[in-house]
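Note sheet for the following structure.
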Amino acid sequence: MSPLSLFAVVVRQRQLILQMTRREITMRYQGSVLGLVWSFFIPVLMLAVYTFVFSEIFKARWGEGGDSKTQFALILFSGLLLFNFFAECINRAPSLILGNANFVKKVIFPLEILPMVAVGAGLFNLLVSFIVWLLFYFIFFGLPPVTILLFPVVALPLVLLTLGLSWFLAALGVFLRDVAQITTVITTTLMFLTPIFYPATAIPERYRFLLHLNPLAVVVEQARGATIFGVGPDALLLGASYLGSIVVFWLGLAFFQRTRGAFADVM
């Protein structure tokens with residue numbers, strides 16, 4: 001599928017994508033007393049738990065944050081909200097086609113939008129988490145640095161990467177049912193290999209080059225610099241992030257399109 005063809009599908013199916021994304025978000029909290037309020041409450045709860053564990057029990061400190069538990073919490077959460085978006089989409093991807101088997105038999109249904117819907121719902125949760133983070137930052141420290149406006153620019157490569165991997169894993173999950181278990185292990189491992197709970201400077205210098213091989217690490221570090229420390233993104237690293245993400249984006253879509261014809265036979 002060419003870029004123009006994908007764009008045409010998105011334009012033509014935009015109402016369906018929005019409708020299914022909205023349903024995806026509301027279904028998650030359907031029947032609960034608080035409803036969508038949970039989407040605000042959960043980030044706050046997780047922020048409190050992680051901060052207590054790492055700052056009180058493990059006595060973790062951030063070099064720039066000193067002994068300020070509030071700043072430590074915001075630094076921690078700025079990385080977590082991006083990781084949670086990635087992990088949520090990637091862990092869900094292998095079951096997207098299997099969980100919507102009724103759509104596979106419908107020739108006219110654009111199966112490629114299912115990962116788009118899942119990523120769209122993940123982006124909603126990311127936005128809510130970011131608003132929670134912004135609110136807490138404003139309460140305790142006032143206005144954030146102006147470089148926070150670059151947050152979407154820094155985060156976009158992660159969105160493209162996640163969508164490409166979601167297409168790939170959604171297709172692969174049809175043929176290999178163990179993929180769901182493997183992705184859970186991989187995302188858990190990535191959480192600790194990405195500088196979320198610790199600064200990149202805490203990594204021994206001889207291993208620090210490995211950060212550049214971890215796309216999550218690059219995005220988290222640059223997003224944290226833009227939102228908290230007032231540091232603009234490194235142009236070279238940002239360019240490499242975009243290039244790598246676009247490659248994964250198109251390879252994932254190509255794999256999905258090439259294998260989709262066999263979905264009905266396997267299922």
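Just so it is clear, none of the values below were taken in a lab; they were calculated from the coordinates. Since we're looking at a predicted model, the values are computed, not measured. Please note: Cβ atoms are built from the backbone with ideal geometry, for glycine as well, and neighbour counts cover all protein chains shown.
How long are the three semi-axes of the equivalent ellipsoid for the chain, computed from the Cα gyration tensor as the root of 5 times each eigenvalue, in whole Å, largest first? Show your work: numbers first, answer last.
Details: eigenvalues 224, 88, 63 Å².
The equivalent ellipsoid of the chain has semi-axes of 33, 21, 18 Å.
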Distant alpha-carbon pairs in segment 144-253 (separation over 22 angstrom), percent: 39 percent
Euclidean distance of C-alpha centroids, segment 119-150 and segment 176-204, integer Å: 23 Å
Highest-first arrangement of 112-121, 226-235, 205-214, 8-17, where packing means the average Cβ count within 10 Å: 112-121, 226-235, 8-17, 205-214
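Which helices of the chain meet both criteria: a Cα extent of 27 Å or more along the helical axis and a mean Kyte-Doolittle score no lower than -0.5, with helices taken as whole DSSP H segments?
Going by DSSP H runs, the hits are 69-92, 113-141, 151-175, 235-259.
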Neighbour net charge for residue 122 - beta-carbon separation under 15 angstrom, K R +1, D E -1: +2
Rel. contact order, % - alpha carbon contacts under 8 angstrom, at least six apart, the chain: 27 percent
R0 of 35 Å, Cβ-Cβ distance residue 40-residue 265: FRET efficiency to nearest 0.05: 0.20
Residue with peak Gaussian network fluctuation, the chain [Cα springs, cutoff 10 Å], from 241, 39, 78: 39
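Assuming a viscosity of 0.692 mPa s and a temperature of 37 °C, what translational diffusion coefficient in µm² per second does Stokes-Einstein assign to segment 86-223, Rh being the Kirkwood radius over Cα pairs?
Working: Rh = 17.0 Å.
Rounded, D is 194 µm²/s.
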Net charge of neighbours whose Cβ lies under 13 Å from the Cβ of residue 173, counting Lys and Arg as +1 and Asp and Glu as -1: +2
Paramagnetic reach from residue 101 in segment 174-207 [backbone N under 20 Å; point 7 Å along Cα→Cβ]: 174-181
